There are 2 protein chains.
Amino acid sequence: MTRKQRATLSDVASKAGVSPVTVSRAIRHPEMVSEKLRERIDNAVRSLGYIPNHLASALASHRTNIVGVIVPSLTNGVFDDYLAAIQDVFSLANIQVLVTNVRYSAEKEEKAINTLLGYHPEAMILVGVDQTENSRQMLTNAGIPVVQTLDLTDNPIDLNIGLSHDAAGFAAVEYLHKQGHESIAHLTARGDPRSQQRHAGYQRAMDAFGLSSKGLVALTPRISTVQLGRRLFAEVLDRQPKVDAVFCCNDDLALGALFECQQRGIRVPEDLAIVGFNDLEFCAASVPPLSSVGTERIQMGKWAAQNVLEIIRGSGQRPEMRQVNTGFTIHERGSSMPAHKNVPDTPEIPKNKASATG
Amino acid sequence: MTRKQRATLSDVASKAGVSPVTVSRAIRHPEMVSEKLRERIDNAVRSLGYIPNHLASALASHRTNIVGVIVPSLTNGVFDDYLAAIQDVFSLANIQVLVTNVRYSAEKEEKAINTLLGYHPEAMILVGVDQTENSRQMLTNAGIPVVQTLDLTDNPIDLNIGLSHDAAGFAAVEYLHKQGHESIAHLTARGDPRSQQRHAGYQRAMDAFGLSSKGLVALTPRISTVQLGRRLFAEVLDRQPKVDAVFCCNDDLALGALFECQQRGIRVPEDLAIVGFNDLEFCAASVPPLSSVGTERIQMGKWAAQNVLEIIRGSGQRPEMRQVNTGFTIHERGSSMPAHKNVPDTPEIPKNKASATG
DNA sequence: AGTGCAATTGACAGCGCTTTCATTTGAAAC
DNA sequence: GTTTCAAATGAAAGCGCTGTCAATTGCACT
């Protein structure tokens, strides 16, 4: 482990026999430097193993090339795709994404925003719309583009792309009800604001269809896991053996419910229908495959990133659409497919999508 | 969106009627400033919404409070736990973790290392030991602690914690062989160097026990998914119907294999035993629960972070152990449990663990 | 040679903060 | 009221880079 200082611009400049500015230019705008010098400088860079100090560069240029992204979880497969979509867009523009995982805590989110703003990101991309007043204040003061994603709000900080989780919850129940189910259970995690919205949608639908949800809802404050799905559904089954369908606030819980049915010899979908949420990859692979409410998580990440990019690197104009509703899609599969239906693959119930402008 | 400049240290200083240095101190070492001033300064900070510029601070102090972490994937549940463990350690020390996902590409890894070093991280934590020569060079030149994790090498860049995936692969096969299985298949992803090692261990064991692996190995260049596990195992089943066990290079593939068996009416474990790798959460929840080779991913992340912290913030001494083998544990569950065994929960086959010093 | 102009190159200041060292202040001790 | 010394505060320099503008160079054209 050599302890010698890392090479700086000046080091490269001396070695190449030019001034530091020229080195800076040779690196950032090669076309502005004569070929002769450029070559000498490239050699010096290589031989010294010079790597520009991003911090100094950011400080001097007021361009940090950093965008802050805050997610509530990584354990959940949802955010992988979402993050990947964001990174893909930014990596092409040489923008570094600073990701912070706040584990579904608004308090941690507030702290994370504070910390991230210390890096002077050129924009911030957030999940959800439930930031604290303090967080909103800090973000507004920062004077940078802010995108709230994966959920919708009437009062966005800046840009907003997402869907109504309440509507999605409603639609899931509506779908199950149309299949003839009456005793529709719901498994949900209360730590997640969006799951709460789905729960609200579930309840709204149950009420609307005159169905009772008594004893049919299992709620956990913990992070969702497959194991937990089994336990929660076991609770419901023990309480209300006549349950004939279950809508889960995410696919992990749904898979757990499926396993619990397998364990108990409950036939899916004949005895019981299951619908999950998010449409993660494994839904299509299980036996029977799990029906699930899919969201446009990749599109949402992409939109957020692309709009940010357009604002900070493009015309600087705000997009016309300041709010987009990406809707959702019910992917109907074997876990909820009535026997008489015989659709080959993954038929889709038309999206509930409606764009709103801001 | 206010476009006014963000407040600086000087702004706060003027507002509070003190010099900038004092503000700096009031923020970093409150005990060095008189109570009266500290209060005045705190008020000024609050009323201006001042957030220190981390970049300037890092540049001036030569402390970036940044640690770079490179992971090959986020889709895989393994890295969530691992990352969370790392973040937990560093967040207490107010160190920001800069994560880059390189999607199992050594080339991307090289680029990521270059980029991250531009932020002058105080340490780097990597996954695996297969960095390019160039990468190794850059890391060495950087003169910071480097930890290679999740795998072992005879020639570490600096610190190293992990396990022998070859040994783990061997042990999985050995275990299955001891259960009386002879026709042991293997599903594997060739994009991942550690999976390749497990594959090598599998092959080594098959050879050692005089078993033929002909037609029993299914290999994919793609990212593992449950769906893919089904497809790969389907291939094997179609080729070699007499297969009586399968060792999968990760749990996603194993779950897929289980589903494929369910689909085909193959009884697990009676007709066929399944063993996965990583022991993700869902393994214990499936029906039957999946046996899996568990690794100490959380411990590895924690060790890496703690040692880094000790070096950069503590005594500066290198730990005595420069290399640690965390071994692995075969979690024997229903998917491979012979009928006559009747152990209640998750019995463990003793760890293959042996620490080496460096 | 001399002029004009674009293409190259360099000097200098400063980004917002911390470090170091000098100065001031205040309180205790005589 | 001094003296003494620690505690509190401030002034100045500089981290490594970029932005701006000035200086130089090269070259075509008179």
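Using beta carbons and a limit of 9 Å, which pairs, at least six apart or on different chains, have the first residue in segment B:314-329 and at pLDDT below 95 and the second one open to solvent by less than 30 Å² (accessible area, probe 1.4 Å) and in a loop (DSSP other than H, G, I, E, B)?
Every condition considered, the pairs that remain are B:R318/B:P145; B:R318/B:D158; B:R322/B:D158.
Take segment A:158-182 and flag every residue that is open to solvent by 10 Å² or more (accessible area, probe 1.4 Å) and more than 30 Å from A:M138 (Cβ to Cβ).
Listed by number, the residues that qualify are A:A167, A:F170, A:A171, A:E174, A:Y175, A:H177, A:K178, A:Q179, A:G180, A:H181, A:E182.
Applying the selection to segment A:1-54, what residues are within 30 Å of B:R322 (Cβ to Cβ) and either more than 14 Å from chain B (Cβ to nearest Cβ) or within 13 Å of DNA strand C (Cβ to nearest atom) (or both)?
A:N53, A:H54
Considering segment A:248-270 alone, what residues qualify as being over 16 Å from A:S286 (Cα atoms) and in contact with a Lys or Arg (Cβ under 8 Å, 6 or more places away or on another chain)?
Scanning segment A:248-270 gives a single hit, A:C249.
Keeping to segment A:276-288, report how many residues are within 14 Å of B:C261 (Cα to Cα) and either in a strand (DSSP E or B) or open to solvent by 10 Å² or more (accessible area, probe 1.4 Å) (or both).
2
Is there any pair linking a residue in segment A:4-32 that is more than 12 Å from A:N43 (Cα to Cα) to one that is outside any helix (DSSP H, G or I) and more than 10 Å from DNA strand C (Cβ to nearest atom), with Cβ under 6 Å and at least six apart or on different chains, and which?
Sorted first by the residue in segment A:4-32, then by its partner, the pairs are A:A7/A:Y50.
Of the residues that make up segment B:28-45, is at least one more than 8 Å from DNA strand D (Cβ to nearest atom), in contact with a Ser or Thr (Cβ under 6 Å, 6 or more places away or on another chain) and open to solvent by less than 50 Å² (accessible area, probe 1.4 Å)?
No: segment B:28-45 contains no residue that is more than 8 Å from DNA strand D (Cβ to nearest atom), in contact with a Ser or Thr (Cβ under 6 Å, 6 or more places away or on another chain) and open to solvent by less than 50 Å² (accessible area, probe 1.4 Å).
Residues A:S24, A:S57, A:S10: which one is within 43 Å of the chain's Cα centre (by Cα), at pLDDT 90 or above and closer than 23 Å to B:E110 by Cβ?
After applying the criteria, what remains is A:S57.
Have a look at A:L272, A:L258 and point out the one that is within 11 Å of another protein chain (Cβ to nearest Cβ), open to solvent by less than 40 Å² (accessible area, probe 1.4 Å) and in contact (Cβ under 8 Å) with a residue 24 or more places away in the chain.
Step by step, each of A:L272, A:L258 is checked, and only A:L258 is within 11 Å of another protein chain (Cβ to nearest Cβ), open to solvent by less than 40 Å² (accessible area, probe 1.4 Å) and in contact (Cβ under 8 Å) with a residue 24 or more places away in the chain.
Given the conditions (1) out of contact with any Phe, Trp or Tyr (no Cβ under 7 Å at 6 or more places or on another chain); (2) closer than 30 Å to A:Q240 by Cβ, report the number of the one that A:A142 does not fulfil.
(2)
Check off (1) in contact (Cβ under 8 Å) with a residue 24 or more places away in the chain; (2) within 21 Å of B:Q87 (Cβ to Cβ); (3) at the interface with chain B (Cβ under 8 Å from one of its Cβ atoms) for A:G118 and give me the number that stays unchecked.
The number of the failed condition is (1).
If the Cβ limit is 6 Å and pairs must be 6+ apart or interchain, which residue in segment A:137-162 that is among the hydroxyl-bearing types (S, T, Y) pairs with which residue that is open to solvent by less than 30 Å² (accessible area, probe 1.4 Å) and assigned to a loop (DSSP other than H, G, I, E, B)?
A:T153/A:V129
Mind listing just one residue for me: the one in segment A:55-75 that is among the β-branched types (V, I, T) and in contact with an Asp or Glu (Cβ under 9 Å, 6 or more places away or on another chain) and, of those, nearest to DNA strand C (Cβ to nearest atom)?
It comes out as A:T64.
Among the numbered criteria (1) assigned by TED's automatic domain parsing to the domain that holds A:D151; (2) touching a residue at least 12 places away in the same chain (Cβ under 8 Å), which one does A:D80 miss?
Result: A:D80 passes all but (2).
Test A:V343 against the stated conditions and say whether it is open to solvent by less than 70 Å² (accessible area, probe 1.4 Å) and at pLDDT below 95.
Against the criterion (open to solvent by less than 70 Å² (accessible area, probe 1.4 Å) and at pLDDT below 95), A:V343 qualifies.
Can you tell which of B:R222, B:R190, B:R194 is under 30 Å from A:D279 (Cβ atoms), within 14 Å of chain A (Cβ to nearest Cβ) and either open to solvent by 10 Å² or more (accessible area, probe 1.4 Å) or of a type in the set (K, R) (or both)?
B:R222
So in segment A:292-324, with the set limited to residues that are assigned to a strand (DSSP E or B) and open to solvent by less than 30 Å² (accessible area, probe 1.4 Å), which one is farthest from A:L163 (Cα to Cα)?
A:S292
The values are calculated or read from the model by the stated rules, or taken from the named source; none is laboratory data. These numbers come from a predicted model, not from an experiment. Heads up, the Cβs are rebuilt from the backbone with ideal geometry, glycines too, and the neighbour counts pull from every protein chain shown. Protein only, heavy atoms only, side chains kept; ligands, DNA and RNA dropped before computing areas. Shrake-Rupley method; radii C 1.70, N 1.55, O 1.52, S 1.80 Å.
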